[in-house]
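In what follows, a structure is listed as structure tokens, so that the remarks can point back to it.
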Amino acid sequence: MNLPIFDFTTTRKFAAIAILASFIFTNAFAVGALRGERTSPVTVSAATAKYTTDLTQLGREGRLSEDLNYEKETTRLIKVLAEGGSRQPVIVDEDAAVQATIVEQVALRIAKGAVSEKLANKTILRVETATLFSNAKTQPQIAAIVNAIANDAAASNGQIILFVDELTSYVGKNSAETNLFNLIAEGKIVIVGGSSVTAYDENIASQPDVAKHFAGISVSGQAQNSDSAVAKNDRDSGYRGDNVSPDLREMMAQDPSGNTRVDVILQAKDADNAALRSLLASGQARIADRIGKDDTLVVNLPLSTVSNLSTSGLMNYVSPDRPTTITAAGHVEATTGIELMRDQPALNGRPSYKLEGDGIGVAIVDSGIMASHNGFKDRIVANVNFTTSSLTDTVDGFGHGSHVAGLAVGNSGASGGAYKGVARKADIISVKVLNNQGVGNTSWLLNGLNWILTNRTTYNIKVVNLSLGTTAVDTYTNDPVCLKVKQLAEAGIVVIAAAGNLGKNSLGQKMYGQIHSPGNSPYAITVGASNSLGTSGRSDDTMASFSSRGPTRSYYRTSNGTAVYDNLIKPDIVAPGNRLISYKAANNKMSLENPLLNLDSTNGNDSMMYMSGTSMSAPLVAGAAALLLQVNPNLTPGMVRMIMQYSAQPVANANTFEQGAGQLNLEGAVRLARSLRTDVDFQTLTKGATTVPTGWAMPTTSSTIGGTTFPWAQLVTGKFTSITGANLVSQFQSVYKRENLVGMGVNFANGNFSLNTSTYFTSGLTINRHVNKSNGTALGAGTLYLSYGVLVGDGVLVGDGVLVGDGVLVGDGVLVGDGVLVGDGVLVGDGVLVGDGVLVGDSVLLGDDTPAMQ
């Protein structure tokens, strides 16, 4: 690389770079002074106010952290800026976060007054390139914004220093047509640039007339950081079909010019590959973010670049950065059966104890949590935000996250403790990925899940609750969120996902095939909603009408364009989700706009409200998972699923696509988990090893809750089938290993299913290929609903949009026109769900009109 002035090597440690929100300031930027004093503000345009961030002001406010890993680079940059001269410094490194960190160190020192007089009172404004290119759809719009920012900097007479990351987007042979370079060449503006090595060489260093105006500062010799095999998984294995998502292909077809810019999730084979970076730069792509240490990038690019990426051999998969939305108790303790199991006896050398989730970390990935609510007091051990709002904005302005958290881990003493959650003493980790309007992006969710993966040991995170989702388009082997869920499961974390609230259309007809992502992942325990009718007894329980049904309809396309659907049996299990009472975040958007949700009119630290949806069902299962891991910390995620499904209550008159194995039964699940060995790490066992102690006998396979006695399901579901047999409990099945799935052990050939007993399963098990409508008894008994054989092969469920079974619409037939969903009254744009069960007028907002929890 040809750097004209500066080049030095330094071994740098990996630095975890916090995500800075794009702050929008007023039209007057306060210029910092030595020792925090202020001078007269510099008036700037609306474009500068919207598309820049005052790093110096962030330093004054304590929002920037000192990082000595880049001391040499920081010192050199300060020296170059103080000396002035005709050449503008450019930090050259493959990691944009490193570039930003070095500039932030300079801004921090200016804010602290730790610079020479030549830099005192200067203001460093970061141009938010990612936001700019996301909002501006055409090159003229981009140029107008950049010119306005550059003119403001020029008018400040050197008072403003612009930090321009991705400098080659604005100068050089592939730059946008702006006046920025002319102002640099005329010496009327001061900037700090950022660039990758390849982009610098090709667009600046190789052009003498451009290169003479810049001086590269190289950050080289960095040490590679490898957290674990989990963090750097073999990401280029398992992808199927076309490497461009179907909805992105549709966007490309609708815009032959390819000029429309979109935000995408790019799953690269090697995100640091110079050829990939060059290809992105040549296509005017802007890298907005990188998901942790993964090879997954968040990129803003024109659709024309997608075709080049697809044929480059440099990526695994690319898909839109889709919006994510919510999937929108004394009674809870009674109806789940946990009130019968709080007091655990001494067993296997362990003294008696309270089963309340002590020491287990449960991550609530949602809209934030009201930390001051008495139900969470002193138990939130981590509170982070990955939305574009202020990093400190961890409050729950929407109201969804607090309600969800209360059901899983709440411990309020209000109303005599009637509204406590399932794992009421578990440690709480709040990960905010939905903003105060209740919506987010795939990239926010990916960053939140990656943070959990990185910090799982620090906070003993064993369970993750995802009461949110987005349209399941990509097959689970390609979907970036599903792949992150897989990583979490491989790390031993139980991931609970809401199924969605698209169980019926606007006419009240049943809908099938509407499971959300990441609920379409076989590595997640996907939860549908049952309706307890407000009673503790189980005899009247039924399915909630809004609960999304399987099979999963995410898909990929073969080389000839054929769509191949996943068609997995989902949900895995159901739990009460209709009109449940839980914790109310003060003055939250949902309760303010829908007063009928309020249990009372208060906004205090013990206030409560109603909500309905699979969003409410999922945290009950998440709390249950925490309790099972307290009973036996050695359980793998696959064993947690097995225990829950095996002990579940079959819901009469519901089929497998509606209820999975059945309804959560904590009384039975705890008894079953308690009967297993505690002296072994199950992950290390081989197929057929005993999972139970000597002299073990199967616990009674029925439970009594609220005066109702019912049998256990005694089965597990996997891919296209269900499997029964006591050996599921008493012998270790290789499918229980963190990296495996039940479906891996199921073979299909010549129209028949069989179990792979050589690698995955022991003998003594029975496989069932039929989807039955349950009669409420064990082992999947009931009347035939559908033979799953029709789902195998080309993956088409008796044709898309065809009426099957009980006369309901299946699959892609729910989409009409240009992708506008006619489902349950939720308006959508571009085929993406918005609001998902929480908009006014949607039946799930208030739930099914039946008796409810009081």
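The values are calculated or read from the model by the stated rules, or taken from the named source; none is laboratory data. Keep in mind that this is a model prediction, so the values were computed, not measured. Neighbour counts run over all protein chains shown; Cβ positions are idealised from the backbone, glycine included. When the accessible area is computed, the model is the full protein with side chains, heavy atoms only, and any ligands, DNA or RNA have been set aside. Shrake-Rupley method; radii C 1.70, N 1.55, O 1.52, S 1.80 Å.
Here is how the numbers come out for the structure above:
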item: Answer residue from the stretch 282-298, given it is assigned to a loop (DSSP other than H, G, I, E, B) and not aliphatic (A, V, I, L, M) and is modelled with the highest pLDDT among those; result: Asp295
item: Those residues of the stretch 507-544 which are touching a helix residue (DSSP H, G or I) at 6+ places or on another chain (Cβ under 9 Å), of a type in the set (Gly, Ala, Ser) and over 30 Å from Gly745 (Cα atoms), in sequence order; result: Gly508, Ser532, Gly534, Ser536, Gly537, Ala544
item: Residue within the stretch 430-445 that is within 18 Å of Lys377 (Cα to Cα) and over 17 Å from the mean Cα position of the chain (by Cα) present; result: no
item: Answer residue from the stretch 693-703, given it is surrounded by 15 or more Cβ atoms within 10 Å (Cβ to Cβ) and not small (Gly, Ala, Ser) and is nearest to Gly725 (Cα to Cα) among those; result: Thr701
item: Of all residues in the stretch 176-212 being among the acidic types (Asp, Glu) and within 20 Å of Leu280 (Cβ to Cβ), the one that is modelled with the lowest pLDDT; result: Glu177
item: Residue within the stretch 567-575 that is at pLDDT below 95 and more than 30 Å from Thr704 (Cβ to Cβ) present; result: yes
item: Filter result (open to solvent by 70 Å² or more (accessible area, probe 1.4 Å) and part of a strand (DSSP E or B)) within the stretch 346-361; result: Leu347, Arg350, Lys354
item: Residues within the stretch 399-433 that are assigned to a loop (DSSP other than H, G, I, E, B), within 23 Å of Leu599 (Cβ to Cβ) and open to solvent by less than 10 Å² (accessible area, probe 1.4 Å), tallied; result: 6
item: Members of the stretch 362-392 found to be of a type outside the set (S, T, N, Q), surrounded by fewer than 22 Cβ atoms within 10 Å (Cβ to Cβ) and either over 18 Å from the mean Cα position of the chain (by Cα) or under 18 Å from Ala618 (Cα atoms) (or both), listed by number; result: Ala371, Lys377, Asp378, Arg379, Ile380, Val381
item: Qualifying residue in the stretch 429-446 (condition: basic (Lys, Arg), over 29 Å from Ser245 (Cβ atoms) and in contact with a helix residue (DSSP H, G or I) (Cβ under 8 Å, 6 or more places away or on another chain)); result: no
item: Scan of the stretch 719-743 for residues that are out of contact with any helix residue (DSSP H, G or I) (no Cβ under 7 Å at 6 or more places or on another chain), open to solvent by 30 Å² or more (accessible area, probe 1.4 Å) and not in a helix (DSSP H, G or I), ordered by number; result: Ala726, Gln731
item: Segments classed as strands (runs of 3 or more DSSP E), wholly inside the stretch 544-611, with at least 1 members that are open to solvent by 10 Å² or more (accessible area, probe 1.4 Å) and over 30 Å from Tyr785 (Cα atoms); result: 608-611
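Here is a yes/no grid of residues against (1) of a type in the set (D, E, K, R); (2) open to solvent by less than 10 Å² (accessible area, probe 1.4 Å); (3) more than 30 Å from Gly534 (Cβ to Cβ):
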| residue | (1), (2), (3) |
| --- | --- |
| Thr458 | no, no, yes |
| Thr475 | no, yes, yes |
| Val485 | no, yes, yes |
| Glu490 | yes, no, yes |
| Ile493 | no, yes, yes |
| Ala497 | no, yes, no |
